[in-house]
Amino acid sequence: MQAHDRLLLWANSPEAELTLDNQQGRAFWNLAATWENCMTGSFVSTPEGVVAGTSRDGSPIATTLNVEPGVRQRWALRPNASGGYRFAVIAGTGVGGEQPLHARFARDAAGQRINFALHLGDGVVAAERGGHAVFRDRLRRRPFPTYCLPGRQELAAGGGRAAWGKLFGSLPLAFQIGQDHFLMVDNATGLLSPPQERWLQATLSQAARARHVFVFLNRPLVDVRPGVNHGMRDREQVRRLLKVLAAGRVDSVFAGHLGMFAAERRRNVRLVTTGGGGIPFSASPARGGYHHWVRVDVPAEGPVQVTPQRLSP
């Protein structure tokens with residue numbers, strides 16, 4: 001690294017950390033770092049815990065990072081949220097009418113004053129050149145941050161999961177908003193790997209005192225349509241996961257993949273399927289087959305409200 005180096009840091013959650021290790025360096029590092037995809041009110045803290053930059057309106061945060069030779073230091077992006085808040089969940093915007101629906105969702109969600117959004121996969125147009133980067137550029141133009149999971153379109157695009165990971169970071173990941181815990185897990189293949197399953201159980205154990213716990217997947221645990229299974233492939237794993245989620249007092253599990261809205265409870269865990277961002281419908285309109293996103297209201301006190309919001313082309 002040189003003194004003029006610049007870093008562009010895309011945060012795939014409201015909490016992010018950057019560690020710089022100058023153990024082999026002989027020169028003092030002085031880097032200009034820009035943190036993108038920030039929540040309104042976010043701040044970056046230095047290794048000493050001092051605020052180095054804030055985002056009052058969700059715009060990128062510009063910071064200068066200094067690392068002496070032989071030193072390892074860590075900076076942290078943190079949200080600054082209190083009281084009630086609202087977030088959006090959407091999936092499937094990369095197929096079938098993506099452009100008008102993408103713009104409509106951004107307008108609708110911003111008009112309803114959401115604090116952030118989660119995109120549960122199939123946002124990349126797989127056939128589009130540089131699809132992962134193009135998708136991130138679309139997210140950059142939204143007036144709110146969006147945190148993403150990969151789906152089948154992301155895996156099919158050039159470079160697959162590796163290319164997606166270079167731009168969006170590694171999974172699984174967890175973050176907090178106040179007393180609430182959010183867990184993002186990659187099950188785009190229809191299975192959870194053993195390390196991810198162990199991570200989920202351990203992370204839920206650590207969140208035992210959380211007020212609300214939300215889990216986000218690409219594929220639903222269960223396909224609600226009778227006689228069809230386009231959800232997770234291993235039914236025994238699904239049974240294990242439902243036990244783990246119930247024991248972890250998870251409030252809601254959100255998943256995309258299917259072009260429909262559905263909500264049901266199993267073991268007192270709310271399972272929400274929301275893939276109405278543009279992919280072909282998986283059900284009739286009466287059974288949830290319509291373009292939509294989901295608004296989630298988390299009040300300072302009282303129950304969480306999950307409400308589908310229709311999108312029209």
Work out the length of the dipole vector of the stretch 45-180 about its Cα centre, built from +1 on the beta-carbon of each Lys and Arg and -1 on the beta-carbon of each Asp and Glu, and round it to the nearest 20 debye.
160
Can you list the residues, at least 5 places off or on another chain, whose amide H is less than 5 Å from the amide H of Leu271, using H built in the peptide plane?
Val253, Glu264, Arg265, Arg266
Positive-pole candidate from Ser55, Trp35, His230, dipole of the chain, charges at beta carbon
His230
Add -39500 (n - 2.57) for each DSSP H run of 4 or more in the chain, then divide by its residues: what number comes out at 222 nm, to the nearest 500 deg cm²/dmol?
-6000 deg cm²/dmol
With all protein chains present and a 1.4 Å probe, how do Thr189, Thr273 order by accessible area, largest first?
Thr189, Thr273
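Where does the stretch 217-313 land on Rg(C-alpha)/(2.2 N^0.38 Å)? Before the final figure, lay out the partial values.
On the way: Rg = 13.7 Å, N = 97, 2.2 N^0.38 = 12.5 Å.
My calculation over the Cα atoms of the stretch 217-313 gives 1.10.
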Diffing the stretch 262-276: the Karplus 3J(HN,Hα) column from phi (6.51, -1.76, 1.60, θ = phi - 60°), in whole Hz with x for Gly and Pro, holds 8, 9, 8, 10, 9, 6, 6, 9, 7, 10, 10, 9, 9, x, x
I want to verify a result. In a Gaussian network model of the chain, Cα cutoff 10 Å, which of these has the top mean-square fluctuation: Arg161, Arg235, Arg152?
Arg235
Would you kindly calculate the mean projected area, averaged across all directions, of the convex hull enclosing the Cα atoms of the stretch 1-143, in square nanometres?
10.1
Quick check: with the 1.4 Å probe, what order do Lys166, Lys243 take by accessible area, largest first?
Lys166, Lys243
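Compute, for the chain, the length of the dipole vector about the Cα centre, with Cβ point charges of +1 (Lys, Arg) and -1 (Asp, Glu) only. Units Debye, rounded to 20. Before the final figure, lay out each step's value.
Working: 37 positive and 24 negative charges, 145 e Å.
Roughly 700 debye, rounded to the nearest 20.
Which translational diffusion coefficient, to the nearest whole µm²/s, is obtained for the stretch 125-201 from the Stokes-Einstein equation, given a Kirkwood hydrodynamic radius over C-alpha pairs, 4 °C and 1.567 mPa s?
Numbers: Rh = 13.7 Å.
The diffusion coefficient I find is 94 µm²/s.
The values are calculated or read from the model by the stated rules, or taken from the named source; none is laboratory data. Computed from a predicted structure; not experimentally measured. Methodologically, a virtual Cβ is constructed for each residue, glycine included, from the backbone with ideal geometry; neighbour enumeration extends over all protein chains shown. Note: areas computed on protein heavy atoms with side chains; ligands, DNA, RNA excluded. Shrake-Rupley method; radii C 1.70, N 1.55, O 1.52, S 1.80 Å.
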